[in-house]
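First comes the structure, then the notes that go with it.
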Amino acid sequence: MTSVGNPILPGCHPDPSICRVGDTFYLVTSTFEYLPGLPVFRSRDLAHWERIGHVVDRPGQLDYTGIASSGGLYAPTLRHHGGLFWLVCTLVDQGDDSRGGNFLMTAQDPSGPWSDPVWLEADGIDPSIFFDDDGRAWVHGTRLAREPEWFHQTEVWLRELDLERRELVGPEHVLWTGALKGAVWAEGPHLYKVDGRYLLLAAEGGTEIHHAVCVARADTVTGPYEGSRANPVLTHRDLGRSADVVGVGHADLVQGADGSWWAVLLGMRPYGGYHYNLGRETFLVPVTWEDGWPLFAPGTGRVTPTVEVPAAVTASDDGATSGVVAAHDLRWTAVRALPQEVAVPHGEGWELPVRPATLADLDVPAFLGLRQQHRDVDVSAVLVAGPGPQDEVGLAVRQSEKQHVLLHVTGGEERRAVAVRVDDGSRTVLGEVPVHGGSDRVRLSVSARGQDYALLVQEEGAEPVHVATADGRWLDSVTTGGFLGLWIGVYATSTGRPTTASVTVEQVTYVPQG
Ligand code: 6LW
């Protein structure tokens, strides 16, 4: 046995869905307004995960125009059937109900290319797909209950999928409204067939402190479903806010080639008080079966900091790469557009054309970022730019268009490095220092240590200078709402003015500490 660290995917990797083909596991997670969308990870041992591509990775595949933060792509489900990978997911536009919805994509190779979306006639979120052994396929998902008995009661619906026509057919069935009386948000439903019986797994309680995993089973796929008396079968809601891992839920099951069962699920690790800046991360627990029901983390019922897996196979680990993050690295993301739509690879880094949009606009900003995957981390960028008087070029710690922290270099005669906190339309200067040097080359750094985000500027041949330290507690989703962890990256804006300027991002480094 080999001991594996939990989470298996640190940083903002929520709503994991997993499947196995032969001896290889594949896993996808949600990405909201970030692109490329829905990273696909591969593992042979459940321990080492390699990011092999993205489901949404070409212009025009989905329209992200005006998608607000924490909208966009929610909770995908990944399955393999008949030689194809099948993915169902929801594009959420909180501002415009007429756009988005549930869609299906397929691929022969999970690293891509994936098909264009086939839109499904279904409302709600968190679609899943189940291939029965009689050749029929069923799509299910969750939505607010049509006839709720209590506030925010949701229901899991089911309809058959015609695999040829790729559309939902036949009557709709409501399978589940939650295990506990008063339960809110029956989410992330997934159906499986185990020993001839249908098992429904669904989260409930909402994707915060009260999150939980519940199960129900039936003799026929359309129900009736009987809940387990052990529900919720996995939760940390009883541990309170001081637990190391909180909010565990939204699970998916997989059986290894050796017959062992596992669940991947999301959870959060608070630090510096009840704040989880890394967002909702992907964890792993073993599963066994008793009396025909799954037991999650048998013996403890807890998501633990390490998990024993049968054997580790050497492979590369996502997020373990410390140092220069080259332009071809699959960790790069942009907002509402693909990285290659906002920048051009250039040496070890990028040429980043300045855009009028700021990070506060519901638009495509010139921003290229990386998930903050480690509590303590140094992220540095060497930028070459002679910004115009009104331009801002620098680093951003981003929660959303409403909340972010900037460290930028101003243009004009008297150049300065300025740290700014942006909170819902108001800008607060946290600190500023003059930038003297004759060179346009400058190194900007964010040095996160727990909830302290130190912002530093370094001119060529000089020591780094501290500009300000931002309090990260104000940036996490406990404070701001929404579903996301933090991103750290480079940005450039002409603050609304037309521009043809460009910034050379010579190099970006991501170095975990401690
Ligand atoms: C997702 C829902 C959830 O759609 O959070 O944890 C929502 N559960 O299932 C956004 O990730």
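The values are calculated or read from the model by the stated rules, or taken from the named source; none is laboratory data. Note that this is a predicted model, so its numbers are computed, not measured. Neighbour counts run over all protein chains shown; Cβ positions are idealised from the backbone, glycine included.
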Whether any residue in region 15-38 is surrounded by fewer than 24 Cβ atoms within 10 Å (Cβ to Cβ), of a type in the set (A, V, I, L, M, F, W, C) and either modelled with pLDDT under 95 or touching a helix residue (DSSP H, G or I) at 6+ places or on another chain (Cβ under 9 Å) (or both) is what I want to check.
no
Just the residues that are within 22 Å of ARG99 (Cα to Cα) and among the charged types (D, E, K, R), please, taken from region 113-154.
ASP116, GLU121, ASP123, ASP126, ARG143, ARG146
Looking at GLU463, is it without any contact (Cβ under 8 Å) to a residue 40 or more places away in the chain, more than 23 Å from LEU352 (Cβ to Cβ) and of a type in the set (D, E, K, R)?
yes
Quick one: what pairs do we get from region 215-226, first residue surrounded by fewer than 17 Cβ atoms within 10 Å (Cβ to Cβ), second outside any strand (DSSP E or B), C-beta under 8 Å, 6+ apart or different chains?
none
Tell me which residues, restricted to region 10-32, are more than 14 Å from the ligand (Cβ to nearest atom), within 21 Å of THR304 (Cβ to Cβ), in contact with a Lys or Arg (Cβ under 9 Å, 6 or more places away or on another chain) and not small (Gly, Ala, Ser).
PRO10, PHE25, LEU27
Check off (1) part of a strand (DSSP E or B); (2) in contact with an Asp or Glu (Cβ under 9 Å, 6 or more places away or on another chain) for HIS173 and give me the number that stays unchecked.
(2)
Test for VAL184: is it within 16 Å of the ligand (Cβ to nearest atom), in a strand (DSSP E or B) and more than 30 Å from GLY53 (Cα to Cα):
no
Among the numbered criteria (1) in contact with a strand residue (DSSP E or B) (Cβ under 8 Å, 6 or more places away or on another chain); (2) of a type in the set (Gly, Ala, Ser); (3) free of Cβ contacts under 8 Å to residues at least 40 places away in the same chain, which one does ALA448 miss?
(3)
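Residues are listed down the side, and each one gets a yes or a no for (1) in a loop (DSSP other than H, G, I, E, B); (2) of a type in the set (D, E, K, R):
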| residue | (1), (2) |
| --- | --- |
| THR282 | no, no |
| VAL287 | no, no |
| LEU295 | no, no |
| GLY299 | yes, no |
| GLU341 | no, yes |
| PRO345 | no, no |
Is it true that VAL55 is crowded, with 16+ Cβ neighbours inside 10 Å, in contact with a strand residue (DSSP E or B) (Cβ under 6 Å, 6 or more places away or on another chain) and more than 19 Å from ASP363 (Cα to Cα)?
yes
State which residue is farthest from the ligand (Cβ to nearest atom) when the search covers only region 85-117 and only residues that are of a type in the set (Ser, Thr, Tyr) and within 13 Å of GLY37 (Cα to Cα).
SER111
How many of the residues in region 123-145 are touching a residue at least 24 places away in the same chain (Cβ under 8 Å), of a type outside the set (Asp, Glu) and away from the ligand (no atom under 14 Å from the Cβ)?
8
Considering only residues that are of a type in the set (D, E, K, R) and under 17 Å from VAL88 (Cα atoms), which ones fall in region 34-59?
ASP57
Close pairs from region 23-36: first touching a residue at least 40 places away in the same chain (Cβ under 8 Å) and in the same structural domain as ASP126 (by TED's automatic domain parsing), partner within 16 Å of the ligand (Cβ to nearest atom) and small (Gly, Ala, Ser), Cβ under 6 Å, at least 6 apart:
VAL28/SER17; SER30/ALA75; THR31/GLY37; PHE32/SER70; PHE32/GLY72; GLU33/SER69; GLU33/GLY72
Given the condition without any contact (Cβ under 8 Å) to a residue 24 or more places away in the chain and surrounded by fewer than 22 Cβ atoms within 10 Å (Cβ to Cβ), answer yes or no: does some residue in region 83-99 qualify?
yes
Answer with yes or no whether LEU484 is under 27 Å from HIS328 (Cα atoms), of a type in the set (A, V, I, L, M, F, W, C) and part of a loop (DSSP other than H, G, I, E, B).
yes
Take the conditions among the small types (Gly, Ala, Ser), under 20 Å from LEU35 (Cβ atoms) and surrounded by 21 or more Cβ atoms within 10 Å (Cβ to Cβ) and apply them to SER69. Does it pass?
yes
Return the residues of region 418-445 that are within 28 Å of GLU33 (Cβ to Cβ) and without any contact (Cβ under 8 Å) to a residue 60 or more places away in the chain; say none if nothing qualifies.
VAL418, ALA419, VAL420, ARG421, ASP423, ASP424, SER426, ARG427, THR428, VAL429, LEU430
Taking region 347-383 and keeping residues farther than 12 Å from ALA396 by Cα, aliphatic (A, V, I, L, M) and part of a loop (DSSP other than H, G, I, E, B) leaves VAL354, ALA357, LEU362, VAL364
Hey, can you tell me all the residues within region 476-495 that are modelled with pLDDT of 95 or more, more than 15 Å from the ligand (Cβ to nearest atom) and surrounded by fewer than 20 Cβ atoms within 10 Å (Cβ to Cβ)?
THR479
When you look at ASP195, is it touching a residue at least 40 places away in the same chain (Cβ under 8 Å) and farther than 27 Å from PRO14 by Cβ, yes or no?
yes
